[in-house]
1. If you go through segment 30-71, how many residues are open to solvent by less than 80 Å² (accessible area, probe 1.4 Å) and not aromatic (Phe, Trp, Tyr)?
2. Of these, Arg133, Arg163, which one is surrounded by 14 or more Cβ atoms within 10 Å (Cβ to Cβ) and more than 18 Å from the chain's Cα centre (by Cα)?
3. If we keep just the residues of segment 81-127 that are outside any helix (DSSP H, G or I) and among the β-branched types (Val, Ile, Thr), which is farthest from Pro28 (Cα to Cα)?
4. Answer yes if at least one residue in segment 166-179 is at pLDDT below 95, out of contact with any Phe, Trp or Tyr (no Cβ under 6 Å at 6 or more places or on another chain) and within 20 Å of His76 (Cβ to Cβ), and no otherwise.
5. What are the pairs with Cβ atoms under 6 angstrom where one residue, in segment 127-149, is modelled with pLDDT of 95 or more and the other, located anywhere, is among the acidic types (Asp, Glu) and surrounded by fewer than 17 Cβ atoms within 10 Å (Cβ to Cβ)? Sequence gap at least six, or different chains.
6. Which ones in segment 80-98 are buried (at least 21 other Cβ atoms within 10 Å of the Cβ) and of a type outside the set (Phe, Trp, Tyr)?
7. When segment 50-100 is examined, which residues are found to be over 17 Å from Ala130 (Cα atoms) and of a type in the set (Ser, Thr, Tyr)?
8. Please find, within segment 136-145, the residue that is surrounded by the fewest Cβ atoms within 10 Å (Cβ to Cβ) out of those that are in a strand (DSSP E or B) and out of contact with any Ser or Thr (no Cβ under 6 Å at 6 or more places or on another chain).
Amino acid sequence: MTQLNEEGARLQDGIRPDLRLEDVRVRPYGVTDGPRLRRMSDRLSPASLFARFFTGSPHIPETYVHRLEGIDHWDHEALVALLDDDIVGVAEYVRDRADPRRAELAVLVVDPWQHRGVGRLLVCCLAHTALRRGVTAFGAEILPDNRAALAAVRSCWPFARPRYADGSAVFHLPLLPAAA
């Protein structure tokens with residue numbers, strides 16, 4: 001059944017057709033974002049939650065929300081993509097203590113906004129921030145059947161090849177500074 005918004009515009013997957021990536025703004029995760037992050041669960045499928053957290057949780061784990069509340073915006077950074085007052089995506093890195101030039105990357109985008117450039121936008125912004133802070137490579141662990149995430153990695157890092165460990169595709173993704 002086709003949904004309509006108040007103006008009568010057709011909704012596809014809960015998204016107004018007039019909304020574009022340009023309507024999304026990116027900013028650092030803030031101290032008041034916990035409730036917004038919890039509300040994201042309403043727009044995430046079990047498959048999306050499993051692909052991000054590797055667990056069958058029906059919602060974003062509370063431990064994750066608490067972990068983001070403690071970020072220092074240096075060794076642990078998170079950026080959110082916002083549409084109005086709702087988070088439609090979050091990307092974070094956590095610096096490797098053994099090798100401070102490396103950080104683990106993780107991305108989560110609500111289902112209706114997947115395949116629309118939100119994840120790529122977040123990763124590009126996060127990579128720029130990470131480079132300024134001395135991070136020269138991201139690591140990423142992706143389930144082999146997460147074709148969307150694998151395609152996203154290939155689109156940003158076409159020469160990256162995974163190694164497989166513990167049932168995951170593990171990537172080393174070098175960050176290259178922009179040409180002067």
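The values are calculated or read from the model by the stated rules, or taken from the named source; none is laboratory data. All values reported here derive from a predicted model rather than from experimental measurement. For neighbour counting, all protein chains shown are included, and Cβ atoms are generated from backbone atoms with ideal geometry for every residue, glycine included. These area figures cover heavy atoms from the full protein model, side chains too; ligands, DNA and RNA do not enter into them. Shrake-Rupley method; radii C 1.70, N 1.55, O 1.52, S 1.80 Å.
1. Qualifying residue count, segment 30-71: 26.
2. Details: Arg163 fails: surrounded by 14 or more Cβ atoms within 10 Å (Cβ to Cβ).
Selected residue: Arg133, the only one of Arg133, Arg163 that is surrounded by 14 or more Cβ atoms within 10 Å (Cβ to Cβ) and more than 18 Å from the chain's Cα centre (by Cα).
3. Val110
4. Yes.
5. The qualifying pairs are Gly139/Glu104.
6. Within segment 80-98, Val80, Ala81, Ile87, Val88, Gly89, Val90, Ala91, Glu92 qualify.
7. If the condition is that a residue be over 17 Å from Ala130 (Cα atoms) and of a type in the set (Ser, Thr, Tyr), then Thr55, Ser57, Thr63, Tyr64 are the ones that fit.
8. Gly139
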